[in-house]
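The values are calculated or read from the model by the stated rules, or taken from the named source; none is laboratory data. Everything numeric here is computed off the predicted structure, so don't read it as measured data. Positions of Cβ are generated from backbone atoms using ideal geometry, with glycine treated the same way; all protein chains shown enter the neighbour counts.
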Amino acid sequence: MKHLKKVLGIVIFFVILPTAYSASRDVTIEINYGGMQQNREVKVAWKQGVTALEALQSVATVETRKVGEFLLVVSIDGVEGKRGDMAWYYDLNGKHATSVANKYILHEGDHMKWEYTKDVCTPKVTEEPCK
């Protein structure tokens with residue numbers, strides 16, 4: 001019985017704990033192309049100081065456009081937004097992002113979802129992106 005407890009302790013320490021710890025250090029990036037391409041979800045290793053835009057750029061081809069002081073994502077993997085029609089928006093952990101992607105610093109375990117959807121900001125925006 002002592003031997004079994006020792007083996008079980010070793011398995012927990014060297015197999016289960018490292019797996020659980022590394023899972024929380026990942027960032028999940030989900031991309032919904034709005035029917036233009038097959039959606040995908042990718043896990044990447046979290047790095048301290050990485051922005052939402054940098055993480056997206058590590059898994060997709062991204063085009064941006066500077067609008068005033070803001071850098072907006074206008075295309076992901078060739079799926080380009082159409083001003084006033086379709087645009088790229090992102091959510092963090094199931095909530096609408098409150099910052100542009102090049103300013104938001106990701107945290108361990110974050111789930112970021114990019115979605116190509118109806119542009120609801122362009123008609124309303126003059127100087128800053130919709131929040």
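With respect to Ala52, is the statement that it is within 14 Å of Val27 (Cα to Cα) and loosely packed, with under 15 Cβ neighbours inside 10 Å true? Here the answer is no, as Ala52 does not meet what is asked. Note on the stretch 82-95: residues that are over 18 Å from Leu71 (Cβ atoms) and not basic (Lys, Arg) total 6. Sub-7 Å Cβ pairs linking a first residue in the stretch 43-58 that is without any contact (Cβ under 8 Å) to a residue 60 or more places away in the chain to a second residue that is among the aliphatic types (A, V, I, L, M) and surrounded by fewer than 15 Cβ atoms within 10 Å (Cβ to Cβ), at least 6 apart or interchain, are Gly49/Ile105; Thr51/Ile105, ordered by first then second residue.
For the condition modelled with pLDDT of 90 or more and surrounded by fewer than 13 Cβ atoms within 10 Å (Cβ to Cβ), what is the one hit in His96, His111?
Criteria check complete, one pass: His96.
Among the residues of the stretch 38-49, the one identified as more than 20 Å from Ile105 (Cα to Cα) and exposed (fewer than 12 other Cβ atoms within 10 Å of the Cβ) is Gln38. Within the stretch 65-78, if we keep just the residues that are buried (at least 18 other Cβ atoms within 10 Å of the Cβ) and at pLDDT 95 or above, the residue that is nearest to Val100 (Cα to Cα) turns out to be Val73.
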